Amino acid sequence: MKTVYFTPGPAELYPSTIKHFQNGFKSHIASLSHRSKVFQEIFQEATSDLKKLLSIPDEYFIFFTGSGTEAIERTIQNCVEKTSFHFVNGSFSNRFYKTAQELNKKPLFYEAVLGEGFSFQEITIPKEAELICFTHNESSTGVMIPFEEIKNITKKYPDKLFALDIVSSVPYGNIDYSLLDVVFFSVQKGFGLPAGMGVMIVSPRAIKKAEAIMQKGISIGSYHNFPTLVDFAKKNLTPETPPVLELYVFSKVIKEMIAVGIGNMHQQTERKAKILYDFLDSSDTLSAFVQDPRFRSQTIIVADIQKVKGDIKKKLAEKGIIVGSGYGVNKETQIRIANFPTHSIVDIKRLIKALNSL
């Protein structure tokens, strides 16, 4: 019986990931110099294909970091001189805010009740905010912000910079990257790779902001500051030795996703999410934590445990189904279920059958 991982990250590997790693080892990609022409070709292929897959503007830069968490730090360092504004609705959006505090900025925030969306019409962004920060998919609570709401904010405050955490949503999400300045994710969720690499999508406006802050004598980081990353990216290189093999596999998975089609992946994700939410809405043992369908994540489904006796995770594991625990204060009272491109309709139905048997 095949074990299926519905954990929200690291998640189930993309079906071809192991094959690509094996081919990479056989081709000695793991020993490849990160200053070689072959590496430059891998870098160029990965970045150009990612732009194609996600419809990222040509003039935007793609940077590779150690993780999505590192990307949060780089975003604050390079885009904020004094004040950022954060939409907080869970642990990961709160981490964005806390990072700004730890970097000695003066962040402001608006906080929503856990499991609920934001009333954007009631929110006024303070004049002093330089960067507005969103977490598209809050994986601790299963709340997703409709991109239309984010779009409205970008139109209302055209003088601000905008950052979007898409760690738990990409490649899902009809995102207009041209409206944003820093977008980031890590590869161990929707792209189905092992953890170890973050990806940043950065606009020319964000680069200019970083340069302006640096010219004032304010630290924007060292080898991973935006100007340095730009200098190397223009040559299809990274400042330091990156996880070359991981980048190679990432480029292969992107190509396969292009072949499947981003529209098809969106439709499949929503179809699978609907099956899961329909089950939760009719179940006597579990219920969806996010009640308002407008804010329900399509990629991280969070369920309240109601009448299940014993350890639900252990019972599911005995059936070859691995789900995530609740997060933070809800660790013992909830489960989290990932719905990424690697999960098939068959996998979802098997999960529901297992949940029905509890």
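What does the net charge come to around residue 3 if you take all other residues with beta carbon closer than 10 Å to its beta carbon, with K and R at +1 and D and E at -1?
Every neighbour counted, the sum reads +1.
Here the Karplus curve 6.51 cos²θ - 1.76 cosθ + 1.60, taken at θ = phi - 60°, turns the phi angles of the stretch 178-195 into couplings of 5, 8, 10, 10, 9, 10, 9, 7, 10, 8, 8, 10, x, 8, x, 10, x, 5 Hz, with x standing for Gly and Pro. Inter-label distance, residue 333 to residue 353: 3.3 nm, where each label sits 7 Å from its Cα along the C-beta direction. In the structure shown, the pairs 255/314; 331/353; 2/252; 98/314 are assessed against 28 Å; a Cα-Cα span above that value is assigned to 255/314; 98/314.
Out of all DSSP beta bridges in the chain, what portion is antiparallel? Express it as a percent rounded to 5.
So the antiparallel bridges amount to about 60 percent of the total.
Judged by the mean number of other Cβ atoms found within 10 Å, the most tightly packed of the peptides 203-211, 312-320 leads the ranking 203-211, 312-320. Put a plus charge on the Cβ of each Lys and Arg, a minus charge on the Cβ of each Asp and Glu, and nothing anywhere else: the dipole of the chain about its Cα centre is then about 680 debye. When all alpha carbon pairs of the stretch 58-213 are counted in 10 Å bins from zero, the resulting P(r) reads 11, 45, 38, 6, 0 %. In this entry, the chain is assigned a mean projected area of 17.7 nm², taken as a quarter of its C-alpha convex hull surface. The order of the peptides 335-347, 151-163 by mean Cβ neighbours within 10 Å, most packed first, is 335-347, 151-163. Here the Karplus curve 6.51 cos²θ - 1.76 cosθ + 1.60, taken at θ = phi - 60°, turns the phi angles of the stretch 5-22 into couplings of 9, 9, 5, x, x, x, 10, 3, 5, 4, x, 9, 4, 4, 4, 5, 5, 4 Hz, with x standing for Gly and Pro. Counting other Cβ atoms within 10 Å as a rough exposure proxy, the listed residues 284, 304, 165 run 284, 304, 165 from fewest neighbours to most. Contact order for the stretch 291-358, expressed relative to its length and based on alpha carbon pairs under 8 Å spaced 6+ residues apart, stands at 37 percent.
Counting every other Cβ atom within 10 Å of each residue's Cβ, 79, 133 order from fewest to most as 79, 133.
Across the stretch 17-259, the relative contact order, built from alpha-carbon pairs under 8 Å that are at least six residues apart, equals 30 percent. Karplus-based coupling profile of the stretch 293-307, in residue order and whole Hz: x, 5, 10, 6, 4, 8, 10, 10, 9, 9, 10, 7, 8, 10, 10, with θ = phi - 60° in 6.51 cos²θ - 1.76 cosθ + 1.60 and x standing for Gly or Pro.
Say the dipole of the chain comes from +1 at the beta carbon of Lys and Arg and -1 at that of Asp and Glu; which of 219, 8, 199 then lies farthest toward its positive end? Selected residue: 8.
All of the numbers you see were taken from the coordinates with simple rules; none came from a lab. Just so we're clear, the structure is a prediction, and the values are computed from it rather than from any experiment. As a convention, Cβ positions derive from the backbone with ideal geometry for all residues, glycine included, and neighbour counts pool all protein chains shown.
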